[in-house]
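For reference, the structure is listed below as structure tokens.
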Amino acid sequence: MSNITLTYSENSKGWPSFYSYYPDYIQGMNQFLYTFKGGNLYKHNSDKVDRNNFYGVQYNSTITSVFNESPLDNKKFKTLALESDDSWAAELETDLQTNGFIDKNYFAQKESDWFAFVRNNSTNPAGANQFALRSLTGIGNSASAQNDATTATITFNLDLGSIISVGDQLFFADNTPPVTTLTPQFCGQITSVTYNKATNVSTVVVDNQAQGAIPIPAQDFYFLYIKNPVAESQGVLGHYCLFKLTNDNTAATELFAVKSEAFKSYP
């Protein structure tokens, strides 16, 4: 367990402040805070030194809060917008889905806000906890399937040119009646998608050497895909969204408000 410093306020008759640093002695005087550590005297809240530097160790600023409007509704949290003079890295957590994140350099300034869409944290290949979510989309039954040494080639009698993309994860499942629940199996990451308009046949090639991929046992299987979770995020789904912001700036930084574009999810 790490040490923290708890301070008492005579004015409020309570313990209002927690500090992550751990001094030997602490004293407020003349509107400044002073601490002693290892026989040295430190003056806090001074613009003459790097912010968040305590006793020679540089720390980050972190803020944790929650979006909890309409707590009984399932919602999709798609974006973050920061009213701030600097961008922050973000980690998001919900009660229903894999977590999300936004790197600090993903934010772009739009109309004075720092704006970015939420990327999903997910395994590669996707785990079973993602199969019930909107990130998994069906294609249909294949016309043919062939496994080679390093690739698998699957054809479909429809145009897939605007549906799937290189980099998507491809899954298959046995939907032979009677089927009550599909159990998707990962067969590889898509490396090529072509469409022959004359024959109305789409050909999909996947890397079947990807970690976790298994050979396709038959051609008459149902296929599904999941988009790249960073490039084409689905947002995060939940009744609420807990977010943690982190900033590594050593200069003074102001954060006024945090907003999210969220909408009710209809299953």
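The values are calculated or read from the model by the stated rules, or taken from the named source; none is laboratory data. All values reported here derive from a predicted model rather than from experimental measurement. Cβ coordinates were reconstructed from backbone atoms using ideal geometry, including for glycine residues, and neighbour counts include every protein chain displayed.
Within the range 230-245, restricting attention to residues that are farther than 22 Å from SER165 by Cβ and out of contact with any strand residue (DSSP E or B) (no Cβ under 6 Å at 6 or more places or on another chain), which residue is modelled with the highest pLDDT? Walk me through how you get there before you give the answer.
Filtering the range 230-245 down to residues farther than 22 Å from SER165 by Cβ leaves 237-245.
Checking which are out of contact with any strand residue (DSSP E or B) (no Cβ under 6 Å at 6 or more places or on another chain) leaves us with 238-239.
Working: GLY238: 89, HIS239: 92.
Ranking the qualifying residues of the range 230-245, first place goes to HIS239.
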Inside the range 189-222, the number of residues satisfying the requirement of being in contact with a Phe, Trp or Tyr (Cβ under 6 Å, 6 or more places away or on another chain) and either surrounded by fewer than 16 Cβ atoms within 10 Å (Cβ to Cβ) or assigned to a strand (DSSP E or B) (or both) is 2
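Would you call THR155 assigned by TED's automatic domain parsing to the domain that holds GLN219, loosely packed, with under 13 Cβ neighbours inside 10 Å and among the β-branched types (Val, Ile, Thr)?
Here the answer is no, as THR155 does not meet what is asked.
Could you say whether any residue in the range 59-66 is within 19 Å of GLU261 (Cβ to Cβ) and touching a strand residue (DSSP E or B) at 6+ places or on another chain (Cβ under 7 Å)?
Keep residues of the range 59-66 that are within 19 Å of GLU261 (Cβ to Cβ), which gives 65-66.
Imposing the further condition that a residue be touching a strand residue (DSSP E or B) at 6+ places or on another chain (Cβ under 7 Å) reduces the set to 65-66.
Yes: one or more hits.
Residues in the range 236-250: is at least one among the acidic types (Asp, Glu), surrounded by 14 or more Cβ atoms within 10 Å (Cβ to Cβ) and in the same structural domain as TRP114 (by TED's automatic domain parsing)? Lay out the reasoning, then the answer.
To start, the set of residues in the range 236-250 that are among the acidic types (Asp, Glu) comprises 248.
Now restrict to residues that are surrounded by 14 or more Cβ atoms within 10 Å (Cβ to Cβ): 248.
From what is left, the residues that are in the same structural domain as TRP114 (by TED's automatic domain parsing) are 248.
There is at least one residue in the range 236-250 that is among the acidic types (Asp, Glu), surrounded by 14 or more Cβ atoms within 10 Å (Cβ to Cβ) and in the same structural domain as TRP114 (by TED's automatic domain parsing).
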Of the numbered conditions (1) touching a residue at least 24 places away in the same chain (Cβ under 8 Å); (2) more than 30 Å from TYR266 (Cα to Cα), ASN196 fails exactly one; give the number of that condition. (1)
